[in-house]
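Structure record follows, encoded as structure tokens.
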Amino acid sequence: DAKTTQPPSMDCAEGRAANLPCNHSTISGNEYVYWYRQIHSQGPQYIIHGLKNNETNEMASLIITEDRKSSTLILPHATLRDTAVYYCIVSSRGGGSNYKLTFGKGTLLTVNP
Amino acid sequence: DVKVTQSSRYLVKRTGEKVFLECVQDMDHENMFWYRQDPGLGLRLIYFSYDVKMKEKGDIPEGYSVSREKKERFSLILESASTNQTSMYLCASSSTQPGAGELFFGEGSRLTVL
């Protein structure tokens, strides 16, 4: 399974864009990049995922480099409620045709007033 | 609203006790997962199941077993609880659609083994 590397922590000012980087240099052609976040004392929450094209939804944007070896999650206007641990994950195959996701340690994003 | 429900938010057990953690999902998902989460270690996969009665070991299966008799229910079993199994346990489910992969998590079960 491809591994990911994320900075352990980042800070962002409220109202500014938060750009969270992730390296996944060993990603293979059929693996997706997923992002989750976990707010304290809650279960992780799905944010977005992509294969090779950039993706956007109501929560965030995902920018994947052309060589797919890295990606950036963008929260366009960070709020205090976005303070959380953000996980970048590369999918891997489990049994049969199903997928399992292996979580690393993530990035603690702190949004400051 | 889609939901993954874990039976207990907080449990306190004694060393050597048998512990059952139950998880139920209402989304008709094929895949179900058990993770544990410890400070500084992130989430680690214990077991997962991609079909009824099917299971595969994750990264840290030692000391645990699982049961999936029905599609909606996935149980984690600690045959003889030990203090190093004190942790937050998270259940999740997902669809089998290729590329979908989105995991839906429960709120977690915090287990303390004395």
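Condition check ((1) within 11 Å of chain B (Cβ to nearest Cβ); (2) under 20 Å from A:Val85 (Cβ atoms); (3) not β-branched (Val, Ile, Thr)) across all residues:
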| site | (1), (2), (3) |
| --- | --- |
| A:Pro7 | no, yes, yes |
| A:Arg16 | no, yes, yes |
| A:Asn19 | no, yes, yes |
| A:Thr26 | no, no, no |
| A:Tyr34 | yes, yes, yes |
| A:Ser41 | yes, yes, yes |
| A:Gln45 | yes, yes, yes |
| A:Ile48 | yes, yes, no |
| A:Leu62 | no, yes, yes |
Q: Please indicate, with yes or no, whether at least one residue in region B:79-92 is touching a helix residue (DSSP H, G or I) at 6+ places or on another chain (Cβ under 8 Å), farther than 24 Å from A:Ile47 by Cβ, part of a loop (DSSP other than H, G, I, E, B) and more than 10 Å from every other protein chain (Cβ to nearest Cβ).
A: no
Q: Find the residue count for region B:2-34, including only residues that are away from chain A (no Cβ under 13 Å) and either closer than 16 Å to B:Ser75 by Cβ or acidic (Asp, Glu) (or both).
A: 13
Q | Residue satisfying condition, being over 14 Å from B:Met88 (Cα atoms), loosely packed, with under 15 Cβ neighbours inside 10 Å and either touching an Asp or Glu at 6+ places or on another chain (Cβ under 9 Å) or hydrophobic (A, V, I, L, M, F, W, C) (or both), within set B:Lys18, B:Lys57 | A | B:Lys18
Q: Would you mind stating whether B:Ile46 is under 30 Å from A:Gln6 (Cβ atoms), free of Cβ contacts under 8 Å to residues at least 60 places away in the same chain, assigned to a loop (DSSP other than H, G, I, E, B) and among the hydrophobic types (A, V, I, L, M, F, W, C)?
A: no
Q: Kindly state which strands (runs of 3 or more DSSP E) lie completely within region A:6-113 and contain at least 3 residues that are crowded, with 19+ Cβ neighbours inside 10 Å.
A: A:18-23, A:33-38, A:45-50, A:70-75, A:84-93, A:99-101, A:107-112
Q: Please indicate, with yes or no, whether at least one residue in region B:35-42 is more than 10 Å from every other protein chain (Cβ to nearest Cβ), of a type in the set (A, V, I, L, M, F, W, C) and within 26 Å of A:Gly104 (Cβ to Cβ).
A: no
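Read-outs: derived from the displayed coordinates by stated rules, not from any lab. Please read these numbers as outputs of a predicted model, since none were measured by experiment. Cβ sites come from the backbone with ideal geometry, for glycine too, and all protein chains shown count toward neighbours.
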